[in-house]
Structure formats: C-alpha cells, structure tokens
Amino acid sequence: MLSLASADYDAIRLSVKVALTATVLSLPFGFLFAYLMTFVRFRGKAFLEVLVNLPLTLPPVVIGYLLLLSLGKNGWLGPLFDRLGIQLIFTWKAAVIASAVVGFPLLVRSIRIGMESIDRQLIHASRTLGAGGLDTLFTVVLPLSRHGIVAGSSLMLARSLGEFGATIIVAGNIPGVTQTIPLAIYDYAGSPQGESAALALCLVAIVISVVVLTCHELLSRRLTRRD
C-alpha cells in the first residue's frame, strides 16, 4: 500500500511553495523581456536573446554550479548578500532562484508568442489617439498578451515543480529544508526499500501536473470565450 511520510508532505509543500514563488517573482521580468524582444529595437538584442534562452540548452547541473559560484560566500555576489545578512545557498530561496533561472526562457517565449500575435495597427491606433507608452502597454499590450502570460506561467510552474539538477547543486537535498519532490524521489530510488515511497511521490507529482495543466486549459478556454 502506498503511503506518505511526514518528510514527503514537507517535500510536497516545499515543491509547491518554490514553484509558485519562482513563477510569481519571474512574471514581471518575463513580461518585460518579452516586450523588449518584441517591440523594442536596440543594439545587442541578439546577444540578449541568446542569453535569455541559454538555460534551455545548458544542463541544469551547469546552471546550478554557476549559481553556486555566483551566490556562494566566495562568489561574485556572495559577499554582498553576507553584508546584507541574506543567506541563499542551501536554503529554499536558492531553490527558488534555480527554478526561476531554468524556467525563465519558457515564460519569456510564451509571452513573446502572445505579443507577436497582437495586431500592430491596434498599438498604432492607441498612440494616434494620444496614449503614451505606458498607457498602451497596460491597456493594449498587456490584455492582448494574456494568453501567452497564462501559457508561460503554467509552463514555468510545471518546470519548476520538476526541477532537479540546478536545485540539488545550489540548494542541496536537506529533508524538511530544501528537499523537493524530485529530490525526495531521488533519495528513495537509491534506497533498497524505497520503491513504494518513490512511487507514491511519483503519483503525487503526476496529480499536481494534471491539476496545473487542467487549470491552464480552463483559463485558456475562458479567455478564448471572452475574446
């Protein structure tokens, strides 16, 4: 019979917490990057696009190691956080950063697809009627990009729930502190008697993923009906 231990419930709660936090914190930046890539012309745009999409091609372990070098005590940003009294490495906050970096390209690409489908004549008409850049952004671009925002948020949320490689490097695998569902499954998979526990968490991960995808479909259909 499949059952969950108290540590498994901690891993489930932490996974949801990390995924939601990473998605919410990344959403404004993802929208900004998508807007820059879609509507603004500037030098270095190709380089910025490559930089944003780089986590899609890099192994997550490489991303985790680079974050460890950057945020560690001897890293580039580590001394700054130490002076501010902020500890990131081997905390759930590091897991949030890892998930945000790995899932950010999916968020940006989805929002950008939504923005690219906007009729430019609507934006031109808004400017012609006297709307400023911010007015056009919030009254035209943002509402018409909502399909991409919903899709990107769902993809990033799902990706964050399954993040493993970068998280284990920068946050570690500490039960009750930084151990998420994938990390707990990894521990059980290496245990001779952990098969049933690993299977139980796999089923939980499947259920959560189905819920996320179902919510995405329902939101998308509701937005389509409104359109």
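What the table shows:
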{"quantity": "CD proxy at 222 nm, helix term only [per DSSP H run n ≥ 4: -39500 (n - 2.57); per residue of the chain; nearest 500]", "calculated": "-24000 deg cm²/dmol"}
{"quantity": "Stretch in the chain that is longest and holds no chymotrypsin sites (Phe, Trp or Tyr not before Pro) that DSSP places in a loop and that have at most 13 other beta carbons within 10 Å", "calculated": "77-227"}
{"quantity": "Reach of Lys17 by Cα under 19 Å, taken over aspartates and glutamates that are not fewer than 8 positions away in the same chain", "calculated": "Asp8, Glu163"}
{"quantity": "Sparsely packed trypsin sites (Lys or Arg not before Pro) within the stretch 15-95, loop by DSSP, other Cβ within 10 Å at most 15", "calculated": "Arg41, Arg43, Lys73"}
{"quantity": "Unit charges at the beta carbon, dipole of the stretch 91-227: most positive-side option, Leu183, Gly165, Gly148", "calculated": "Gly148"}
{"quantity": "Given charges at Cβ of Lys, Arg, Asp, Glu: the chain dipole, positive-most of Ile208, Val96, Thr128", "calculated": "Thr128"}
{"quantity": "Cross-link reach list, aspartates and glutamates versus Lys73, counting only Cα pairs under 17 Å and skipping chain neighbours closer than eight places", "calculated": "Asp82"}
{"quantity": "Magnitude of the charge dipole, the stretch 101-224, Cβ model with Lys/Arg +1 and Asp/Glu -1, debye to 20", "calculated": "460 debye"}
{"quantity": "Placed amide H near Gly194: partners under 5 Å, 5+ positions off or other chain", "calculated": "none"}
{"quantity": "Karplus-derived 3J(HN,Hα), 6.51/-1.76/1.60, for each residue of the stretch 87-94, Hz, glycine and proline x", "calculated": "10, 10, 4, 6, 10, 5, 5, 5"}
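The numbers here are math on the coordinates, done by the rules we state, and not lab data. Just so we're clear, the structure is a prediction, and the values are computed from it rather than from any experiment. Reconstructed Cβ throughout: ideal geometry from the backbone, glycine too, with neighbour counts over all protein chains shown.
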